[in-house]
1. Only one of 150, 116 is in contact with a helix residue (DSSP H, G or I) (Cβ under 6 Å, 6 or more places away or on another chain), surrounded by fewer than 21 Cβ atoms within 10 Å (Cβ to Cβ) and at pLDDT 95 or above. Can you tell me which?
2. State yes or no: is residue 381 out of contact with any strand residue (DSSP E or B) (no Cβ under 7 Å at 6 or more places or on another chain), closer than 20 Å to residue 229 by Cβ, assigned to a loop (DSSP other than H, G, I, E, B) and not assigned by TED's automatic domain parsing to the domain that holds residue 156?
3. List the number of the failed condition for residue 341; all other conditions in (1) farther than 20 Å from residue 288 by Cα; (2) touching a helix residue (DSSP H, G or I) at 6+ places or on another chain (Cβ under 8 Å) hold.
4. What number of residues in region 274-294 are modelled with pLDDT of 95 or more and surrounded by 16 or more Cβ atoms within 10 Å (Cβ to Cβ)?
5. What single numbered condition from (1) within 19 Å of residue 166 (Cβ to Cβ); (2) out of contact with any helix residue (DSSP H, G or I) (no Cβ under 6 Å at 6 or more places or on another chain); (3) touching a residue at least 24 places away in the same chain (Cβ under 8 Å) fails to hold for residue 352?
6. Can you pull out the helices (runs of 4 or more DSSP H) entirely within region 258-326 that have at least 3 residues that are under 23 Å from residue 64 (Cα atoms)?
7. Being in contact with a strand residue (DSSP E or B) (Cβ under 8 Å, 6 or more places away or on another chain), assigned by TED's automatic domain parsing to the domain that holds residue 281 and free of Cβ contacts under 8 Å to residues at least 12 places away in the same chain narrows it down to one residue among 304, 308; which is it?
8. Given the conditions (1) within 22 Å of residue 299 (Cα to Cα); (2) in a loop (DSSP other than H, G, I, E, B); (3) in contact with a strand residue (DSSP E or B) (Cβ under 7 Å, 6 or more places away or on another chain); (4) at pLDDT 95 or above, and given that residue 125 satisfies all but one, which numbered condition is not satisfied?
C-alpha cells in the first residue's frame, strides 16, 4: 500500500490548483462607463438619467476607472511573492461588473484543467455588499458552468479586516503620515488640532443591522471598522507619543434620499471638525484596499475641496494597494485556507485587533440579501 504524501511534500496550496482574485471591476474607456453602471445597478430600476450623474465622475478621469490597473499591479505583486515562496499555483482574475467577467474567468480556468480554486476578494470586511454579494456571484458563475457540463469548486479566504497583513499595513501607513506631518510642520501641531479620520464606504443602515451571522448581534460591518480605527489610533499614539483623537466617517452614499445610510458623510464631518477647532485631518481610507474611484473622486476630489473650503489641511493616507506586507498577508490567507481545507489542526489564524476571526465558510444567515433570495457559495446556507 502506498503511503499518503507527507505534509512537507505537498504543494502548500493543495488542494487548490488556482488562486482567483475577485474584484468589483470598472470601465476602461468612456464608451464603457454607461454599460458598466448598468451592470452595477441591474435589477434596481435606476434610470439612465440618474446614472449619467455618476458617469461624470468617471469622465472626469478620462472615462477609465483606476481599479483594473490596480488589480493588475496586485496580481503582479502576488505572482512575485508566490514565486519567492516557490509556489507555482496559477493566478486568475475575475470581476463582478466588467471585463474580465467572473464567469468567463472560471470557464477559462476549467479549460486549463483547474478544478478547485481559492478566492481572494478585494474587500476586507463582513457585510452584504462587501462579502455575500461576491459569494452570490460565485454561486451564479459556478452554476452557469455546471449547466455547460463544467464542474468547478470555489472556496474563499476569510474576511481579513483584522489579518495583520491588512491591519498592520494600514497602521504603519497612518503612523508614517502623522510622523511626516510633524516633521514638515513648524513645530508639532497641538494634538487637539489634529484629527485622524478613517473612511469607508457607506451602506444602508438596514444592511449594516443585518451584517454578520443571523444568530449574532448585527452591525458587524460598522463594528469591524470601529475596532480597526481604534486600534490604529492607539498604535499611532503609542508609537509617536501623541494623544490624537479619531473618527470613523463614510463616503459614496447612493440610493433613495429617504433611505437611511451610515453617517456622518466625510464632507459633513470635515465641516464639523473645522468648526471644533481642528486644523489638520489625516484621512485614512481603511475601508478600501486600493485607490479606486471612491477614493480618487470622493476623497481626493470632493473631500479635498471641502477641506480647502473650510480651511483644513488634509493629509491623505494611501490605501494598502500593493504594499508588500499586505501582499504577503494575502498569500498567508490562501495558505491558511488551504490548510483548513486539508483538515489540519490546529490552523493558525493570526488577528489584530482582537483575537477572533470570521470563518471562511460563512455561518447560516450571514449578511442576508434584503431584496431577494439567492444562493451563495462558501457558506452554510
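1. 150
2. No.
3. Condition not satisfied by residue 341: (2).
4. Here is the first cut: in region 274-294, the ones modelled with pLDDT of 95 or more are 274-290.
When the remaining residues are screened for being surrounded by 16 or more Cβ atoms within 10 Å (Cβ to Cβ), the result is 274, 278, 280-290.
Here the count works out to 13.
5. Among (1) within 19 Å of residue 166 (Cβ to Cβ); (2) out of contact with any helix residue (DSSP H, G or I) (no Cβ under 6 Å at 6 or more places or on another chain); (3) touching a residue at least 24 places away in the same chain (Cβ under 8 Å), residue 352 violates only (2).
6. On the way: elements: 266-275, 293-296, 304-309.
Of the helices (runs of 4 or more DSSP H) lying wholly inside region 258-326, those with at least 3 residues that are under 23 Å from residue 64 (Cα atoms) span 293-296.
7. The match here is 308.
8. Here residue 125 clears every test but (3).
The values are calculated or read from the model by the stated rules, or taken from the named source; none is laboratory data. Source: prediction; values computed, not measured. Note that each Cβ is placed from the backbone with ideal geometry, even for glycine, and that neighbours are counted across all protein chains shown.
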